[in-house]
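The values are calculated or read from the model by the stated rules, or taken from the named source; none is laboratory data. Please read all numbers here as calculations on a predicted model, not as lab measurements. Neighbour counts run over all protein chains shown; Cβ positions are idealised from the backbone, glycine included.
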Amino acid sequence: MKKFLAVVAVTVLSALSVSAGEWDIFSLMFTQGIPEGCAKTTVCGFKVGAPMCGGADVYGIEGSLFWSGSEEVYGIKCSLIASGGAKAGGLQLALVNFIDAMSGLQLGIVNVAQDSAFQIGLVNIIKNSPVKFMPIINCRF
């Protein structure tokens with residue numbers, strides 16, 4: 001049983017570390033653009049920022065300590081401090097969230113969207129909405 005688990009662990013770790021051509025399963029960034037290849041490669045899996053990340057699209061989970069800034073994220077985009085980008089679908093979670101278009105939920109203390117979003121927080125702003133500001137809950141589809 002131990003050998004089987006060891007083989008499974010090695011297989012999973014090698015799959016996470018190998019690039020699949022046009023996209024990666026796992027990406028670790030230190031700042032936006034370091035390492036350089038991570039900023040240009042689409043991630044279908046996990047993108048981790050230690051302390052921040054950004055760049056190409058993410059299909060899966062993007063998480064960081066200070067700033068999650070990939071342009072498009074479909075899945076979960078989370079950070080302890082701030083999160084931003086052009087488009088997101090799913091969940092955007094941080095103390096402060098900025099996005100152009102959100103098809104899903106923004107959850108934070110301050111949530112700002114340009115076009116569409118469903119927001120829960122203390123300050124919720126959707127700039128192109130008839131109701132631009134609402135405390136607690138705001139939405140535009």
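Output the number of residues of segment 108-126 satisfying the condition of being modelled with pLDDT of 95 or more and surrounded by fewer than 17 Cβ atoms within 10 Å (Cβ to Cβ). Matching residues across segment 108-126 total 4.
Taken over segment 61-95, the criterion of being aromatic (Phe, Trp, Tyr) and either part of a strand (DSSP E or B) or within 17 Å of CYS44 (Cα to Cα) (or both) is satisfied by TRP67, TYR74. Conditions first: (1) within 9 Å of the chain's Cα centre (by Cα); (2) modelled with pLDDT under 90. LYS2 passes all but one, so which condition is the exception? The failed condition is (1).
Of all residues in segment 69-116, those being of a type in the set (Ser, Thr, Tyr) and within 16 Å of GLY49 (Cβ to Cβ) number 3.
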